[in-house]
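Accompanying notes for the structure given below.
The values are calculated or read from the model by the stated rules, or taken from the named source; none is laboratory data. Everything numeric in this text was worked out from a predicted model, so none of it was measured. All Cβ positions, glycine included, derive from the backbone under ideal geometry; neighbour counts span all protein chains shown. For accessibility, only protein heavy atoms count, side chains too; no ligands or nucleic acids. Shrake-Rupley method; radii C 1.70, N 1.55, O 1.52, S 1.80 Å.
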Amino acid sequence: MFWPSVAIIGVFVIWAMLGGEGAADNILSFRAEVVDNLSWYYVPLVSLFVVFALFMGFSKYGKIKLGKDGQKPDFGLGSWLAMLFAAGMGIGLVFWGVAEPLSFYMGPKPGVGEGEAERAEFAMSQTFLHWGFHPWAIYIVVGLAIAYAVHRKGRPVSIRWTLEPLFGDRVRGRLGDAIDVIAVVGTVFGVATSLGFGVQQIGAGLDHLGIIENPGSVTLSILVIVITLIATLSVVSGLDKGIKILSNTNGIIAAAILLFVLVAGSTTALLTDFFQNIGVYLQNFAGLSFDTGSWHGDEGTSWVGGWTVFYWGWWMSWAPFVGIFIARISRGRTVREFIVGALLVPTTLSFFWFSVIGGSGIREQQATGSMVGEDGSVDSTGALFALLDSLPGATLVIGVAILLIVFFFVTSSDSASYVVDMLASGGDPNPPTWSRVFWAVTQGLVAIALLTAGSGAGLTILQNVAVVIALPFSFVMIAMCLATLKSLRDEHVARQEAQAEEAEEALIESAVAAMTEAQENGELDPATSGTGSGSGAAGVGDKADKDTPGDDLLDTSAKA
């Protein structure tokens, strides 16, 4: 998978660099035709993934261990949850924490009322939809299938083996190669574009502090190089050191910023908002989950396609990376622990983050009108810093936020390099150091190339290519659901049959032991222990005929 993946990535990067804005327009049009018009497919599919995850977690299959029976988890609960959160959502929460709720508040979906309260409720519930149960269900579909195949069945760390229950040995051939190449390309594209957009946010923060004025492509490229170097050192050190330490550090810094905004802002209002936001989200969960915007015409479907459907495709493009990573760190967990940990805990933390950070942005806009431009537009790269600038100690807090963004991107980059390397190395869970370095550097070089191409149009191209790639991968995910369900059902049936055989053998052994003990104690007469045939039975019959029927018959029954 190594060379085909490298060739495909190289071709797309060259096309993006040479094509510029024209190529960006072409891929945007293609995405609009292929993806945005598939709301009828994406919307119910991702909602069914949520149903699948909940069913698997709380069904009779939940007790099955993702590893050998009795095996303990590789990582403690705190480190495990921190790595889950950092790999799956961390950097996105920082980037979109203020920008997305504020964007929905200023430009709500057609049909939402004009009142401030209505728009604020919609903004938070829609954000919860995009960052809650649905994306984590996408990750769980892939992660659970991989974790079972790798840790329970002993297969290599690869997407192809998740489909073995359906396709058998065919996954060893071209079909499996194609699936793994799609996973490698989608992961590199997704991480490279996120790295590019992330350094733009870092540049906006440095500009806000007056350190670097209007950072250009050269400055942003230097930032990418620095992040790539740190990520390379981290991925070389492995899971137990660099990635684990950075994930824990990210969690501590993010919690500190969250707590600061909560305490320095409208504490009571934000805590009250948190519970109301959850209530509104749960109350409208079914409607949000299946909303395609069709009753509001082209404007409604275009809004849903540009936001929700785009998100579902984007999360699917990240699913191979996040799924493999969370599977790799989840050995020793049960199916139920895996799903509860990956579905409920990160989702709850995300909800609290958006309620505090995003809610503060909306409340600041309501109070001062300073969070958006004169035309009502939202600066996605600068919205977080605009919020922090309204709080005490803004300079220090913005500096810490920039550090958090750097660490989150390092964690995403090194985790992705580790995953891509496992895939490209044929599923080796501990791939060689040189190839880890290669993929970490490749992601950085791709990001630099696209940052300098067509005023950032290259990033837009690659981001949308990743979303388009998610379409064929969605069919793989459907097959994963069926394969995982078949595997767990077969194991459950086999366990029941084995338990029944063990119970039967135990019953026989118990009966034999009891008969042996009774015979040794003289409580059982071998001559009268037959089934009614032979000399013993005849003797009993003779005695019953000759002597008093009642006494002897009772005596014989007592012996029996």
Practice problem: Could you look through the stretch 362-375, keep only residues that are in contact (Cβ under 8 Å) with a residue 60 or more places away in the chain and either open to solvent by 30 Å² or more (accessible area, probe 1.4 Å) or touching a His at 6+ places or on another chain (Cβ under 7 Å) (or both), and pick out the one that is farthest from W96 (Cα to Cα)? | Solution: Q366
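If the requirement is being out of contact with any helix residue (DSSP H, G or I) (no Cβ under 7 Å at 6 or more places or on another chain), among the hydrophobic types (A, V, I, L, M, F, W, C) and open to solvent by 10 Å² or more (accessible area, probe 1.4 Å), which of these qualifies: W314, W318, W303?
Details: W314 fails: out of contact with any helix residue (DSSP H, G or I) (no Cβ under 7 Å at 6 or more places or on another chain); W318 fails: out of contact with any helix residue (DSSP H, G or I) (no Cβ under 7 Å at 6 or more places or on another chain).
Within the list W314, W318, W303, the selection yields W303.
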Exercise. Would you mention how many residues in the stretch 406-444 are of a type outside the set (F, W, Y), closer than 19 Å to G196 by Cα and open to solvent by less than 10 Å² (accessible area, probe 1.4 Å)?
Key: 12
Quiz item: When both residues are 6+ apart or on different chains and their Cβ atoms are under 7 Å apart, which pairs have a first residue that lies in the stretch 376-405 and is surrounded by fewer than 16 Cβ atoms within 10 Å (Cβ to Cβ), and a second that is part of a loop (DSSP other than H, G, I, E, B) and polar (S, T, N, Q)?
Solution: none
Quiz prompt | Pairs, first open to solvent by 40 Å² or more (accessible area, probe 1.4 Å) in the stretch 273-286, second assigned to a helix (DSSP H, G or I) and of a type in the set (S, T, N, Q), C-beta under 8 Å, six or more apart | solution = N284/S125
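Just for helices (runs of 4 or more DSSP H) wholly inside the stretch 1-118: which have at least 3 residues that are open to solvent by less than 10 Å² (accessible area, probe 1.4 Å) and at pLDDT below 90? First the steps, then the outcome.
Numbers: elements: 2-34, 39-58, 77-85, 91-96, 99-106.
Hits in the stretch 1-118: 2-34, 77-85.
In this structure, is V191 open to solvent by less than 50 Å² (accessible area, probe 1.4 Å) and in contact with a Leu (Cβ under 6 Å, 6 or more places away or on another chain)? Break it down stepwise before answering.
On the way: open to solvent by less than 50 Å² (accessible area, probe 1.4 Å): yes; in contact with a Leu (Cβ under 6 Å, 6 or more places away or on another chain): no.
No; evaluated as a whole, the condition is false for this residue.
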Quiz item: With A204, A145 as the choices, which residue is modelled with pLDDT of 90 or more, open to solvent by 10 Å² or more (accessible area, probe 1.4 Å), not in a loop (DSSP other than H, G, I, E, B) and not hydroxyl-bearing (S, T, Y)?
Solution: A204
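Determine if the stretch 448-456 includes at least one residue that is touching a Pro at 6+ places or on another chain (Cβ under 6 Å), surrounded by 14 or more Cβ atoms within 10 Å (Cβ to Cβ) and modelled with pLDDT of 65 or more. Spell out how you get there, then give the answer.
We begin by selecting, within the stretch 448-456, every residue touching a Pro at 6+ places or on another chain (Cβ under 6 Å); these are none.
Scanning the stretch 448-456, I find no residue that is touching a Pro at 6+ places or on another chain (Cβ under 6 Å), surrounded by 14 or more Cβ atoms within 10 Å (Cβ to Cβ) and modelled with pLDDT of 65 or more, so the answer is no.
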Quiz prompt | Residues that are surrounded by fewer than 23 Cβ atoms within 10 Å (Cβ to Cβ) and in a helix (DSSP H, G or I), drawn from the stretch 152-164 | solution = R152, L163, E164
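Every residue, every condition in (1) at pLDDT below 95; (2) open to solvent by 30 Å² or more (accessible area, probe 1.4 Å); (3) aromatic (F, W, Y); (4) under 17 Å from the mean Cα position of the chain (by Cα), yes or no:
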| residue | (1), (2), (3), (4) |
| --- | --- |
| I326 | yes, no, no, yes |
| G332 | yes, no, no, no |
| V340 | yes, yes, no, yes |
| L344 | yes, yes, no, yes |
| V356 | no, no, no, no |
| S360 | no, no, no, no |
Practice problem: Examine the stretch 227-236 for a residue that is free of Cβ contacts under 8 Å to residues at least 40 places away in the same chain, out of contact with any Asp or Glu (no Cβ under 8 Å at 6 or more places or on another chain) and either among the acidic types (D, E) or buried (at least 18 other Cβ atoms within 10 Å of the Cβ) (or both), and state whether such a residue exists. | Solution: no
Quiz prompt | Members of the stretch 194-219 that are within 15 Å of F95 (Cβ to Cβ) and among the hydrophobic types (A, V, I, L, M, F, W, C) | solution = L195, F197, V199, I202, A204
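Among the residues in the stretch 498-511, are any under 30 Å from V141 (Cα atoms), loosely packed, with under 11 Cβ neighbours inside 10 Å and at pLDDT 80 or above?
Step one: list which residues in the stretch 498-511 are under 30 Å from V141 (Cα atoms), which gives 498-499.
Cutting the leftovers down to loosely packed, with under 11 Cβ neighbours inside 10 Å gives us 498-499.
Then keep just the ones that are at pLDDT 80 or above; that gives 498-499.
Within the stretch 498-511 (the criterion being under 30 Å from V141 (Cα atoms), loosely packed, with under 11 Cβ neighbours inside 10 Å and at pLDDT 80 or above), the answer is yes, since at least one residue qualifies.
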Quiz item: Within the bounds of the stretch 290-297, is there any residue that is of a type outside the set (K, R) and either in contact with a Cys (Cβ under 8 Å, 6 or more places away or on another chain) or on the phi > 0 side of the Ramachandran plot (or both)?
Solution: yes
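Could you grab me the full set of residues in the stretch 259-272 that are of a type in the set (A, V, I, L, M) and crowded, with 18+ Cβ neighbours inside 10 Å? Talk me through it step by step, then tell me what you get.
Residues of the stretch 259-272 of a type in the set (A, V, I, L, M): 259, 261-264, 269-271.
Across the stretch 259-272, the qualifying residues are V261, L262, L270.
Quick one: which residue in S390, S425, S413 is farther than 28 Å from I245 by Cα and of a type in the set (S, T, Y)? Spell out the reasoning first.
On the way: S425 fails: farther than 28 Å from I245 by Cα; S413 fails: farther than 28 Å from I245 by Cα.
Answer to the check: S390.
Could you look through the stretch 207-222, keep only residues that are open to solvent by less than 40 Å² (accessible area, probe 1.4 Å) and among the polar types (S, T, N, Q), and pick out the one that is farthest from V397 (Cα to Cα)?
Initial filter on the stretch 207-222 (open to solvent by less than 40 Å² (accessible area, probe 1.4 Å)): 215-216, 219-221.
The next check asks that each one be among the polar types (S, T, N, Q); those that pass are 219, 221.
Details: T219: 22, S221: 24 Å.
So the residue we want is S221.
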